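Undergrad: Sending over a structure as structure tokens; questions will come in a sec.
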Amino acid sequence: MIQFEHVGKRYGTSEVVSDLSLSIKAGEFCVLIGPSGSGKTTTLRMINRLIEHDSGRILFDGAEIRSFAPEALRRRMGYAIQSIGLFPHWTVEENIAAVPKLLGWSKAKIRDRVTELLGLVGLDATTYRGRYPQHLSGGQQQRVGVARALAAEPQVLLMDEPFGALDPVTRDALQAEMLRVHAASGTTIVLVTHDMDEAIRLGSRIVILDQGRIAQAGSPREILTRPASDFVADFIGRDEMGLRLLSIETVGERMRPGEEAAGEPIAASATLRHALSLLVSRAADRLPVTGADGAPAGVIHLADLTVGRP
Amino acid sequence: MSGTMNAGARRGIGLLADPLILSGLVLAGLVFGMPLLKPVFAALFPGLDRPLYEQDSFLNLTIAHVVLVGASSAISLVIGVLAGVFVTRRAGREFRPLVETIVATGQTFPPVAVLAVAVPLLGFGAAPALIALAIYGLLPITEAVVAGIESVPVGVREAARGIGMSARGRLLHVELPLAAPVALAGVRTSVIINIGTAAIASTVGAKTLGLPIIVGLSGFNTAYVLQGALVVGALAVFTDLAFERLGRRLDRWKRDSA
Amino acid sequence: MSAALSAGGEAAAAPDAAPFNPVLLLLVVAGIAGAASLYPLTRAPNRLLAGQPVPWSAVIEGGRALVMLPALILVGGIAFPRRRGIQFLVAAAAALLAAALLWLAGDAALRLADPAAPAARISFGGAFWVLEAVFALAAADALQRSGMSPAARLALGALLAVPLLLVLFSGAADSLSILKEYANRRDVFANALTRHIEIVGGTLVPTLLIGIPLGIAAFRRPALRGPLFSVLNVIQTIPSIALFGLLIAPLSGLVALLPALGSIGLSGIGVTPAIIALTLYALLPIARSTAAGLEQVPAAAIDAATGMGMTRGQVFRRVEAPLAFPVLVAGLRVTLVQTIGMTAVAALIGAGGLGALIFQGLAASAIDLVLLGVVPLVALAIAADVLLKLAVSMLGRNRA
């Protein structure tokens, strides 16, 4: 879907992105992460030409992005940012309708799409469509921001630290929404963050950037189990490595089916990290597990968390 | 029956409590009803042979005054918005400090001075008044348009660009609407100053509501002065309130939830 | 975090930064166009008749054009939009040019003066005004590009007026019509200027005595705020000439009823109603800036002062008042500039001042007399503006 070929970008004498090659496939949830100054935001903004690349090629749908008019290109890509940037003089509905309107959709189609999108991001359409952004909480505003970005069924959704300014509870809820939205829409998503937990939770692929170069790209599991360099190992946090590994696997993958145990059960879809937390806090060595239907499905033992680790 | 009368009466009183409507009624009353007040002025100023300014009707003077202010403000508005937009674009950025200097220094010039300097350049009459008012009125409008456009949050600009709005679309649908309330405050200042300066412009030969005042001052006819002052004062207060009302409509989105 | 970085990066990139100074280029082009299409001076048989143009050739004859050589620096400066040293050079050149042009005009007036026609007047033409404006703006642009602090810019800007003032006071320009007008009316002018300053001063004292307590009261009692500022705002809205006019009848009526008031100087026309009206106008900016100044005092500072045991009065004197002062001075600047301008209008009700010269000149179509009123009026307003702006930025610097 998006292809970077030896892309470079410099400001004066400093090279912000250098010789970056990366291929993002259709339907991927690609997370760009790195310390500040690593070029992750620049990389993202080069995709929709908010920043123009100096060298190399960036392909969208097989064609160099410079062959598109910038506005036309951006209308085919959704864009959500940390400061959200809802238009304060427009209602929620008008904000979400911004790109469809630019593309000349019919009024009825826009209206239906707004209703659908508000449902998708978990806001009640009748309550919220007529409100002005001032009257929404930060989390609600970002839900609308995501809905606006998705409005014209973009082929790619670009997100620049969209949840960075939200409180942890809201961020958690929105991350869950994003996973749902991604699963439901199948849109290719490129997201920039500096939060490793967010990257592990959301990304089907994580690209770690350092000083404008790719330090490592791979699935969360690959990154966590085989960090390519000391920098990557440091960046993902040597102390946290084990906990993060636990967070990419679910209880259901490791439980012992058919067994039974006493106590408050944990869902099979919960992460192993969650299971560990419960085990420690309850001073237990096993937990009963319930399946998606709520019926007992098995038991997870403390020892199961470490079996088969390198 | 009496119930509906009461409701009607209450609505009437409610309307009078609205300062905009009240000031409008006072203005209309003064403009149209001044001849009716002749006995009042005669009683107040028993020493005067002619207690009412009758060289011209107050309606004509008011129309001339409003046309002068309206025309000059329209010129200021067009140029001010263009200038404000220009210096906030990429191409005009270099000119912004200079425009800001001119605007700030220009506003320290007394309006009378601008008016007086226009005369040697353009002669007496409505033309120098129109030009002087337009130039002077330009300053607060340009200043406010720049401030209004600057007040658009960075995130909003970035989002507008990111979702693929064209430069024109961003200006027309995002920047200018968001700048409008601030810009309107500048227009309000400009128009109010110009209403006053237009009154003084009758000293350079423009026909405005200042005429009865000037004629009265030079002829020691205090009644003329009072009549002119009342009408021009009412006009200024009414206009100011009208702008305030308009401003509240423009940034409705700051308050309304529906 | 990364957003801030990329924003900084974009600014650093600024690929559209022009390799030349478009502002200076425009000014130079405008200056050349103005000089070529208009005349530097006009010559009239007497002070009331319209003048005939005097061509440049008569002004710059005999190599006098050499004094305009600093113009080359202005032209050269176009190529260096960002070099700091060059900006100072351009500003200095513009200041010298402004003075040189005045000297040229004065010198030409002296040479062209005809002893047989003592009433003849030589006045500035369009080209003179255009060029002086270009020089002033070029200096302002250069100062802005120099990257100095606003206070330093203001101070240096004031310094740049020195060459022009030197030419003016050296007598080199005395043959020009506006200075002849001045010479003829030296006493009238001195009286008008003194009266003008007296009225402004006479307004300022009651304004501060009433306005500051009003502002403090508005700050302490929010219920008072709305009504007080509404009333003051309505007064500000009323045109000055109307307010002066509205005061005549009631004041004369009052004096007729109580002649004692008349004997202490009260009357419907003259200085008293002028000061009353000007004070009414000036109350709004002073009261509002007092209230605003007190309002922006950080709550934490008051909290800390109270917490360390200061009394209410001590908190006011030692914390609130000093912290609110710069805002009050900013309001004073607005008030002073506004009052200087409006005092000119007060001439219409017989208060005198520079406005009297202007309106007399307008009535007699004597442009030189108009200018004799206008130029010092504008100079006074700008001087007040610059001085108080300087004061505000000094106060701000002490703070930081």
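The values are calculated or read from the model by the stated rules, or taken from the named source; none is laboratory data. Small disclaimer: the values here were computed from a predicted structure and weren't measured. Cβ: placed from backbone, ideal geometry, glycine included. Neighbour counts: every protein chain shown.
Undergrad: For the range C:174-227, which residues satisfy the criterion of being buried (at least 20 other Cβ atoms within 10 Å of the Cβ) and among the acidic types (D, E)?
TA: C:E181
Undergrad: Go through the residues of the range B:191-202 one by one and say whether even a single one is at the interface with chain C (Cβ under 7 Å from one of its Cβ atoms), in contact (Cβ under 8 Å) with a residue 24 or more places away in the chain and not hydrophobic (A, V, I, L, M, F, W, C).
TA: Yes, that holds for at least one residue.
Undergrad: If you take just the strands (runs of 3 or more DSSP E) that sit entirely in the range A:1-120, which of them hold at least 2 residues that are of a type in the set (G, A, S) and in the same structural domain as A:A233 (by the TED database)?
TA: Where strands (runs of 3 or more DSSP E) fall fully within the range A:1-120 and carry at least 2 residues being of a type in the set (G, A, S) and in the same structural domain as A:A233 (by the TED database), they are A:14-24, A:55-60, A:77-81.
Undergrad: Restricting to the range A:133-153, what's the tally of residues that are within 23 Å of A:I47 (Cα to Cα) and either surrounded by fewer than 19 Cβ atoms within 10 Å (Cβ to Cβ) or in contact with a helix residue (DSSP H, G or I) (Cβ under 8 Å, 6 or more places away or on another chain) (or both)?
TA: 11
Undergrad: Here is a follow-up. Scan B:S76, B:S72, B:S57 and give me the residue that is away from chain C (no Cβ under 14 Å), within 30 Å of B:L36 (Cβ to Cβ) and of a type in the set (S, T, Y).
TA: B:S57
Undergrad: Being among the small types (G, A, S), assigned to a helix (DSSP H, G or I), surrounded by 14 or more Cβ atoms within 10 Å (Cβ to Cβ) and within 13 Å of another protein chain (Cβ to nearest Cβ): is that true of C:S230 here?
TA: It is false that C:S230 is among the small types (G, A, S), assigned to a helix (DSSP H, G or I), surrounded by 14 or more Cβ atoms within 10 Å (Cβ to Cβ) and within 13 Å of another protein chain (Cβ to nearest Cβ).
Undergrad: Could you please find all residues in the range C:369-386 being more than 10 Å from the chain's Cα centre (by Cα) and either more than 9 Å from chain B (Cβ to nearest Cβ) or without any contact (Cβ under 8 Å) to a residue 40 or more places away in the chain (or both)?
TA: C:L369, C:V370, C:L372, C:V374
Undergrad: Now for a separate question. Is it the case, given these coordinates, that B:L235 is among the hydrophobic types (A, V, I, L, M, F, W, C), under 20 Å from the mean Cα position of the chain (by Cα), more than 10 Å from chain C (Cβ to nearest Cβ) and farther than 15 Å from C:I248 by Cα?
TA: For B:L235, the condition - among the hydrophobic types (A, V, I, L, M, F, W, C), under 20 Å from the mean Cα position of the chain (by Cα), more than 10 Å from chain C (Cβ to nearest Cβ) and farther than 15 Å from C:I248 by Cα - is not met.
Undergrad: When you look at C:I248, is it surrounded by fewer than 16 Cβ atoms within 10 Å (Cβ to Cβ) and under 19 Å from C:G202 (Cβ atoms), yes or no?
TA: no
Undergrad: Then there's this: Scanning for something on the phi > 0 side of the Ramachandran plot and outside any helix (DSSP H, G or I), does the range C:239-248 turn up at least one residue?
TA: For the range C:239-248, residues on the phi > 0 side of the Ramachandran plot and outside any helix (DSSP H, G or I): absent.
Undergrad: Residues that are buried (at least 16 other Cβ atoms within 10 Å of the Cβ) and within 29 Å of the chain's Cα centre (by Cα): does the range C:254-270 have at least one?
TA: There is at least one residue in the range C:254-270 that is buried (at least 16 other Cβ atoms within 10 Å of the Cβ) and within 29 Å of the chain's Cα centre (by Cα).
Undergrad: Please enumerate the residues belonging to the range C:134-165 that are within 13 Å of another protein chain (Cβ to nearest Cβ) and not small (G, A, S).
TA: The answer is C:V134, C:L137, C:D141, C:L143, C:Q144, C:R145, C:M148, C:P150, C:R153, C:L154.
Undergrad: Hey, another quick one. Restricting attention to the range B:155-188, which residues are of a type in the set (V, I, T) and either touching a residue at least 60 places away in the same chain (Cβ under 8 Å) or within 8 Å of chain A (Cβ to nearest Cβ) (or both)?
TA: Of everything in the range B:155-188, those that are of a type in the set (V, I, T) and either touching a residue at least 60 places away in the same chain (Cβ under 8 Å) or within 8 Å of chain A (Cβ to nearest Cβ) (or both) turn out to be B:V156, B:I163, B:V174, B:V187.
Undergrad: Out of curiosity, is A:R57 touching a residue at least 12 places away in the same chain (Cβ under 8 Å) and within 11 Å of chain B (Cβ to nearest Cβ)?
TA: When the stated conditions are applied, A:R57 does not pass them.
Undergrad: Here's something else I'd like to know. Taking the condition of being more than 7 Å from chain C (Cβ to nearest Cβ), crowded, with 24+ Cβ neighbours inside 10 Å and of a type in the set (V, I, T), how many residues in the range B:210-230 meet it?
TA: Count: 0.
Undergrad: For the range B:1-117, give me every one of the helices (runs of 4 or more DSSP H) that falls completely inside it and has 3 or more residues that are modelled with pLDDT of 90 or more and under 17 Å from the mean Cα position of the chain (by Cα).
TA: Those helices (runs of 4 or more DSSP H) span B:19-33, B:58-87.
Undergrad: Further, regarding this structure: Give just the number: which of (1) in a strand (DSSP E or B); (2) surrounded by fewer than 19 Cβ atoms within 10 Å (Cβ to Cβ) does A:L287 not satisfy?
TA: Going through (1) in a strand (DSSP E or B); (2) surrounded by fewer than 19 Cβ atoms within 10 Å (Cβ to Cβ) one by one, A:L287 breaks only (2).
Let's see how each residue does on (1) facing chain B (nearest Cβ under 9 Å); (2) free of Cβ contacts under 8 Å to residues at least 40 places away in the same chain; (3) surrounded by fewer than 24 Cβ atoms within 10 Å (Cβ to Cβ):
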| position | (1), (2), (3) |
| --- | --- |
| C:P322 | no, yes, yes |
| C:V337 | yes, no, yes |
| C:A346 | no, no, no |
| C:A351 | no, no, no |
| C:S365 | yes, no, yes |
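Undergrad: When only residues in the range B:126-136 that are farther than 16 Å from B:I193 by Cα and more than 12 Å from chain C (Cβ to nearest Cβ) count, which is surrounded by the most Cβ atoms within 10 Å (Cβ to Cβ)?
TA: B:A126
Undergrad: Specify which of the listed residues (A:A69, A:A63) is over 19 Å from A:I24 (Cα atoms), more than 8 Å from chain B (Cβ to nearest Cβ) and more than 21 Å from the chain's Cα centre (by Cα).
TA: Going through A:A69, A:A63 in turn, the sole match is A:A69.
Undergrad: Taking the condition of being surrounded by 15 or more Cβ atoms within 10 Å (Cβ to Cβ), modelled with pLDDT of 90 or more and of a type outside the set (S, T, Y), how many residues in the range A:117-129 meet it?
TA: 5
Undergrad: Any residue in the range C:254-270 that is part of a helix (DSSP H, G or I) sitting within a Cβ distance under 9 Å of a residue that is surrounded by fewer than 11 Cβ atoms within 10 Å (Cβ to Cβ) and not charged (D, E, K, R)? List the pairs, counting only those 6 or more apart or interchain.
TA: Qualifying pairs under 9 Å: none.
Undergrad: Just wondering, is there one or more residues in the range A:87-107 that are small (G, A, S) and over 20 Å from B:H173 (Cα atoms)?
TA: Within the range A:87-107 (the criterion being small (G, A, S) and over 20 Å from B:H173 (Cα atoms)), the answer is no, since none of the residues qualifies.
Undergrad: Right, here's the next one. All but one of (1) surrounded by fewer than 18 Cβ atoms within 10 Å (Cβ to Cβ); (2) hydrophobic (A, V, I, L, M, F, W, C); (3) more than 11 Å from chain B (Cβ to nearest Cβ) hold for C:A282; state the number of the condition that does not hold.
TA: Among (1) surrounded by fewer than 18 Cβ atoms within 10 Å (Cβ to Cβ); (2) hydrophobic (A, V, I, L, M, F, W, C); (3) more than 11 Å from chain B (Cβ to nearest Cβ), C:A282 violates only (1).
Undergrad: Go through (1) under 26 Å from the mean Cα position of the chain (by Cα); (2) part of a helix (DSSP H, G or I); (3) within 15 Å of A:P88 (Cβ to Cβ); (4) within 10 Å of another protein chain (Cβ to nearest Cβ) one by one and return the number of the condition B:V152 breaks.
TA: (2)
Undergrad: Quick check on B:G205: is it at pLDDT below 95, closer than 16 Å to B:I135 by Cβ and facing chain C (nearest Cβ under 10 Å)?
TA: Spelling it out, it is not the case that B:G205 is at pLDDT below 95, closer than 16 Å to B:I135 by Cβ and facing chain C (nearest Cβ under 10 Å).
Yes/no per residue for (1) of a type outside the set (A, V, I, L, M); (2) part of a helix (DSSP H, G or I); (3) crowded, with 18+ Cβ neighbours inside 10 Å; (4) out of contact with any helix residue (DSSP H, G or I) (no Cβ under 6 Å at 6 or more places or on another chain):
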| residue | (1), (2), (3), (4) |
| --- | --- |
| C:D303 | yes, yes, no, yes |
| C:G309 | yes, no, no, yes |
| C:T343 | yes, yes, yes, no |
| C:V375 | no, yes, no, yes |
| C:V378 | no, yes, yes, no |
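Undergrad: Filter the range C:39-64 for residues that are touching a strand residue (DSSP E or B) at 6+ places or on another chain (Cβ under 9 Å), among the aliphatic types (A, V, I, L, M) and surrounded by 17 or more Cβ atoms within 10 Å (Cβ to Cβ) and give the result.
TA: The answer is C:L41, C:A44, C:V54, C:V59.
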